[in-house]
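This report refers to the structure that appears directly beneath it.
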Amino acid sequence: MSVLRLLGLGWWLQLKMRSRSAFDGALAIVYPLFFATSVFLIYRQSASSTALVAAAVGASVMGVWSAVATTASTSLQNERRQGTLELLVGAPRPFALIVVPITLSMATIGLYSLVATLVWGRLVFGIEVSFVHPLTFALACVVTALGVAVMGFVLAVSAVRYRSAWALGSALELPIWLTCGFLVPLSILPDWVRPVSWLVPVTWGVSAIKAAALGGQPWPGIAMCLGVAAGYALLGTLLARRMVDSARTHATLALT
Amino acid sequence: MEVENIQRRYRARTGIRRRAAREVEAVRGLSFEVERGELFGLLGPNGAGKTTTIKMLITLLLPSGGSARVLGHDVVREAREVRRHVGYVFGGDRGLYERLSGLDNLRYFAELYAVPAREQRQRIGELVELVGLQGRERERVEGYSRGMRQRLHIARGLLHRPEVLFLDEPSIGIDPVGARELRTTVARLVELGTTVLLTTHYMFEADELCDRIAVIAAGEIVAQGTPQELKRGVVEGRVVEVEVFGDAQSVLDDVRALAGVTSVSVEERGQAQLVVVRSDAGAEVTSSVLAALAGQRLGRVATREPTLEDAYVELVNRP
């Protein structure tokens, strides 16, 4: 109960903080629409309406990932700059439980981009996503956002030890677009990419969202997304402990 | 709190193409003990190792050598237990979430510091009142003055009723009234049984509050005792202060060479310089000091009893 309370309050207050900057807010609103517009303009050339819907879904998840990838890896650097990172590490609660709500709040903001992309596609480009399984579609979106949040968690904890780990998120942003099949089907990529993509929860999430929207079996994708995300959560928790110990040894929790 | 020969070394890197690393010894084997309910001061110039020592004791840094126990818990092996029982407040206006209200900051930290849910509301209310933020607690921190931020820091540090409180230059940058209120709050906490370890640059603050003091210079303890013991042990004589308008530096060596003079320092006071001369017990040096400064334009001349600041200056400047 106390863990849920920590996660819930942490998520809510982090969300409150992130939504209070007018500049950040405006960027978060406009940014996904640029992604969506570029993707729709490229895929409009295709005669297949299925490809266009798949692109709409891919572009929407792209927005969720982009909202988390860069901000997750810079978030702890920001905590370091404002002098709160030491207070988070010095708290008696496990550090992993303190970081998870931070990236969950980012993924929540990312969910907006998912909705905005689909609405933008409908209103401006006339792309109608008919949702074969609407409820499962909504669930697949939430599970995918959760998968993205957990990936962000792993990125974020690296920044506890390494002050320049903020660059990791930017470095991974585009490769994940490609390897998870956001825009192009995995089948046209080299064979060795496929096993790599299976290790990323979002691949399964995107596959579930597409199945729920276009017709197919979304449940295996949802289950795999949750399973792989659980693996990442475990990895992040172990990594958090190692990184905090290493940061205490190398004195990287503060700027001075 | 038992600290035994604690050490901390850092690796500092220089250069871009040819990177070189060198080891910096920030803390060189400090040993001291703090009794339960005591207010212990750590004094020393910038870079002496005070903050590094505190960070090792609150488990944010691992010591390179030696050991330390807080309330019987080892700071390396039982970090979680130590964290449950200690509070940490530092000076300056960082360490708070600017976009959240003071109240939300306290709610968040109450959760992080495992304050039971049913107690949180009452505890936060008590602390907001204790630090005098009532009526302003729902405003965002970005609009707070420095003094208000410092008071919020103190409230944050006390949320989980820590048995040991570490105050790292808590009064830095706050106005005299705020600093006095802070001293009253700290004294009240000690009366209630909280053990406090305080670092400060304000000697009168240390003199007024601390039961015992350790003076650190270059990572080592150079003296330890009650404020009275430090004053007696280092400066037994009297202190002569002479206001000089002009270049006091050029005659300092002459003053230092006078019989009975133990140390001399200079403080800038606007257009004047205040030459502070400390002398041996029983030595009467006022007339010989004035003779040595004869070529200068002099202002106020005063003699007084030595203060903790005199003791501190002498201790940290010893070769």
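Below are the figures for this structure:
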{"item": "Counted residues, region A:110-164 - those being among the aromatic types (Phe, Trp, Tyr), closer than 22 Å to A:GLY227 by Cβ and out of contact with any helix residue (DSSP H, G or I) (no Cβ under 7 Å at 6 or more places or on another chain)", "result": "0"}
{"item": "Strands (runs of 3 or more DSSP E) fully within region B:172-282 counting 3 or more residues that are at pLDDT below 85", "result": "B:261-269"}
{"item": "Within region B:288-319, considering residues that are under 14 Å from B:ALA257 (Cα atoms) and among the small types (Gly, Ala, Ser), the one farthest from the chain's Cα centre (by Cα)", "result": "B:ALA291"}
{"item": "Residues of region B:261-273 classified as crowded, with 17+ Cβ neighbours inside 10 Å and under 16 Å from B:ARG238 (Cα atoms), total", "result": "4"}
{"item": "Subset of region A:18-36 (residues that are touching a residue at least 60 places away in the same chain (Cβ under 8 Å), within 14 Å of chain B (Cβ to nearest Cβ) and either in contact with a strand residue (DSSP E or B) (Cβ under 7 Å, 6 or more places away or on another chain) or not basic (Lys, Arg) (or both))", "result": "A:SER19"}
{"item": "Residue, farthest from the other protein chains (Cβ to nearest Cβ), within region A:103-129, restricted to residues that are small (Gly, Ala, Ser) and part of a helix (DSSP H, G or I)", "result": "A:GLY121"}
{"item": "Residue match in region B:175-192 (condition: in contact with an Asp or Glu (Cβ under 7 Å, 6 or more places away or on another chain) and under 16 Å from B:GLY41 (Cα atoms))", "result": "yes"}
{"item": "Hits in region A:180-196 - residues which are closer than 23 Å to A:LEU226 by Cβ, touching a Ser or Thr at 6+ places or on another chain (Cβ under 9 Å) and surrounded by fewer than 20 Cβ atoms within 10 Å (Cβ to Cβ)", "result": "A:LEU186, A:VAL193, A:ARG194, A:VAL196"}
{"item": "Residues of region B:60-86 classified as in contact (Cβ under 8 Å) with a residue 24 or more places away in the chain, under 17 Å from B:VAL34 (Cα atoms), out of contact with any His (no Cβ under 7 Å at 6 or more places or on another chain) and within 11 Å of chain A (Cβ to nearest Cβ), total", "result": "2"}
{"item": "Residue check for A:ALA67: modelled with pLDDT under 90 and under 15 Å from the mean Cα position of the chain (by Cα)", "result": "yes"}
{"item": "Condition broken by A:PRO190, with the remaining ones in (1) modelled with pLDDT under 90; (2) within 15 Å of the chain's Cα centre (by Cα) satisfied", "result": "(2)"}
{"item": "So A:VAL53, is it of a type in the set (Val, Ile, Thr) and at pLDDT 80 or above", "result": "no"}
{"item": "Residue list for region B:28-66, restricted to those being surrounded by fewer than 22 Cβ atoms within 10 Å (Cβ to Cβ) and among the small types (Gly, Ala, Ser)", "result": "B:GLY29, B:SER31, B:GLY37, B:GLY47, B:SER64, B:GLY65, B:GLY66"}
{"item": "Residue that is nearest to B:SER145 (Cα to Cα) [pool: residues in region B:87-104 that are at the interface with another protein chain (Cβ under 9 Å from one of its Cβ atoms), outside any loop (DSSP other than H, G, I, E, B) and within 26 Å of the chain's Cα centre (by Cα)]", "result": "B:PHE90"}
{"item": "Residue match in region B:120-135 (condition: more than 24 Å from B:LEU192 (Cβ to Cβ) and either of a type outside the set (S, T, N, Q) or assigned to a strand (DSSP E or B) (or both))", "result": "yes"}
{"item": "Matching residues in region B:218-259 - criterion: being of a type in the set (D, E, K, R) and within 30 Å of B:LEU42 (Cβ to Cβ)", "result": "B:GLU220, B:GLU229, B:LYS231, B:ARG232, B:GLU236, B:ARG238, B:GLU241, B:ARG256"}
{"item": "Qualifying position, being in a helix (DSSP H, G or I), among the aliphatic types (A, V, I, L, M), over 17 Å from the mean Cα position of the chain (by Cα) and more than 14 Å from chain B (Cβ to nearest Cβ), among A:ALA247, A:ALA213", "result": "A:ALA213"}
{"item": "Count - residues of region A:130-143 that are out of contact with any Pro (no Cβ under 8 Å at 6 or more places or on another chain), assigned to a helix (DSSP H, G or I) and among the β-branched types (Val, Ile, Thr)", "result": "2"}
{"item": "Any pair with Cβ under 6 angstrom, 6 or more apart, that starts in region B:44-58 at a residue that is part of a loop (DSSP other than H, G, I, E, B) and ends at one that is at pLDDT 90 or above and not aliphatic (A, V, I, L, M)", "result": "B:GLY44/B:LYS50; B:ILE58/A:GLY90; B:ILE58/B:TYR88; B:ILE58/B:PHE166"}
{"item": "Index of the failed condition, A:VAL100 passing every other in (1) more than 21 Å from B:GLU98 (Cα to Cα); (2) within 14 Å of another protein chain (Cβ to nearest Cβ); (3) crowded, with 17+ Cβ neighbours inside 10 Å", "result": "(1)"}
{"item": "Number of positions in region B:116-140 that are surrounded by fewer than 19 Cβ atoms within 10 Å (Cβ to Cβ), among the aliphatic types (A, V, I, L, M) and closer than 27 Å to A:LEU4 by Cα", "result": "1"}
{"item": "Some residue of region B:105-114 being hydrophobic (A, V, I, L, M, F, W, C), in a loop (DSSP other than H, G, I, E, B) and over 24 Å from A:PHE23 (Cα atoms)", "result": "yes"}
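The values are calculated or read from the model by the stated rules, or taken from the named source; none is laboratory data. Computed from a prediction, not measured in an experiment: that's the story for all the values here. Virtual Cβ from ideal backbone geometry, glycine too; neighbours counted across all protein chains shown.
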